[in-house]
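Some notes on the structure that comes next.
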Amino acid sequence: MRSHIRAAAIMLSSLLLLAGCKQQWNSNREELQVEGKTITLLNNPEKTSYEKEEMNAIIRLNDVRGMDWLSDDRILVDRENREMKPAHADGGVWYPHNIYIHALSTGTDVPLLPSGENQGFAQASPDKNKIYYKTFSLQSNTGKGHLMDLSSGMTTTFTDEDEITLDNGSWIDNDSILYSTIKGTIHELRTDDGKPRQLYDARTMFPSNLAIFDGSIYYTTLKGSLFAVSSDLKEQSLLLDNAVWMTPSPDKQRLAIVRRIKSGEAELLITDLEGKVLYTVAQDSQIFGIAWSPDGTKLAYAGITSNGTARGVYVADTSTGLSATLALDVKFIADPVRWNPSGDRLMVSSTLPDEQQSRNRFVTYLVRVR
């Protein structure tokens, strides 16, 4: 049974990792050195169906996978810890991946918990005092959930091994995490006691895109059904079919939803909490990585072409639906994009093939948004 679950999880993850963004770089680009960092100013030369374009300052961080922001200057990254003993597999040398705090002003990396275990997929709490992260095997898309208090360094483990997928779960507020197991049960973890409690059994494997508003639970299924469960847990309503991604606005009054409209085509919608469409933001072969800005006025996303490469990364004005194209040349996006606390810079993690190592390596871009 475990092998079937793991195989299904890997297939699900592979679909997510095929997202990305591709644009031509302007040959007249300017590179500046500021405090030891290279900042590149680019003009996007390609006219698209999206109605606005921008020039953006881009900071590139090689060989790290950006995960989240702790402040406008400090970010959580995943990179190899070469102080640890490597493993030898598949003809290569593999060092464990650990979580580091990277300071942009100094370029320094500080490991949070140096370990021989692989750590990653970290999310900071809204107040940036705690992180939710996973430990995992490089051969699996499932792992174990952990909570870390950044001020004390204390860590609590709250799931069994391989109980959750690596992209599962999110912070509800500063003191609680909402997550689901691969078997379909939805849980809340309160950080004051570190003990999860089951809220609901969705009776389907891999419920995802979890959210909760006034006690009502929202989630999607592998088939693309978006459900809302009443606060008394007695009634479940189908809000939308063919929903492959959903994320709520910061004020919890709207939903950003990626919906399949036919084979090989998807659309990005903004709806109310009942699933009623307010307006359509974009259409493309695939749309990935959607993220609301902290004030809810912008929505970032990636458009994907029919061959699986990225068309571009865009930022939509949520009051008009008009989108600006970010001048960023990457082929694949590894994770959903992340806004910094000030809402003027996006974190975009991408993958590049490393032919010498016979594996992909990560590159993280921090892109100025005006």
For this session: Name every residue in segment 151-189 that is within 19 Å of the chain's Cα centre (by Cα) and of a type outside the set (Val, Ile, Thr), in order of residue number.
Result: LEU166, ASP167, ASN168, GLY169, SER170, TRP171, ASP173, ASN174, SER176, LEU178, TYR179, SER180
Exercise. In the set THR157, THR142, THR181, which member is under 26 Å from HIS97 (Cα atoms), touching a residue at least 60 places away in the same chain (Cβ under 8 Å) and touching a strand residue (DSSP E or B) at 6+ places or on another chain (Cβ under 7 Å)?
Worked result: THR142
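Scan segment 300-335 for residues that are of a type outside the set (Gly, Ala, Ser) and part of a strand (DSSP E or B) and report the count.
Here is the first cut: in segment 300-335, the residues of a type outside the set (Gly, Ala, Ser) are 301, 304-305, 307, 309, 311, 313-315, 317-318, 320, 322, 325-326, 328-333, 335.
Applying the additional criterion that residues be part of a strand (DSSP E or B) yields 301, 304, 311, 313-315, 317, 325-326, 333.
Total meeting the criteria: 10.
So which strands (runs of 3 or more DSSP E) are wholly in segment 30-95 and hold at least 3 residues that are at pLDDT 50 or above, within 23 Å of LYS128 (Cβ to Cβ) and of a type in the set (A, V, I, L, M, F, W, C)?
Numbers: elements: 30-34, 37-43, 55-62, 65-69, 74-80, 87-89, 92-94.
Fully inside segment 30-95 and qualifying: 74-80.
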Exercise. Restricting attention to segment 336-363, which residues are within 13 Å of the chain's Cα centre (by Cα) and in a strand (DSSP E or B)?
Worked result: ARG338, TRP339, LEU346, MET347, VAL348, SER349, SER350
Seminar exercise, completed: Inside segment 243-273, the number of residues satisfying the requirement of being farther than 22 Å from SER323 by Cβ and either buried (at least 18 other Cβ atoms within 10 Å of the Cβ) or not small (Gly, Ala, Ser) (or both) is 2
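Residues checked against (1) surrounded by 21 or more Cβ atoms within 10 Å (Cβ to Cβ); (2) in contact (Cβ under 8 Å) with a residue 40 or more places away in the chain; (3) among the aliphatic types (A, V, I, L, M):
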residue: ALA291; (1), (2), (3): no, yes, yes
residue: ALA302; (1), (2), (3): yes, yes, yes
residue: THR305; (1), (2), (3): no, yes, no
residue: THR309; (1), (2), (3): no, yes, no
residue: VAL313; (1), (2), (3): yes, yes, yes
residue: GLY321; (1), (2), (3): no, yes, no
residue: ALA327; (1), (2), (3): yes, yes, yes
residue: ASP354; (1), (2), (3): no, no, no
residue: VAL367; (1), (2), (3): yes, yes, yes
Seminar exercise, completed: So, first residue on the phi > 0 side of the Ramachandran plot in segment 167-178, second residue surrounded by 17 or more Cβ atoms within 10 Å (Cβ to Cβ) and not in a loop (DSSP other than H, G, I, E, B), Cβ within less than 6 Å, six or more apart or across chains; the pairs are GLY169/ILE177; GLY169/TYR179
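The values are calculated or read from the model by the stated rules, or taken from the named source; none is laboratory data. Quick caveat: nothing in here was measured; it's all calculated off a predicted structure. Reconstructed Cβ throughout: ideal geometry from the backbone, glycine too, with neighbour counts over all protein chains shown.
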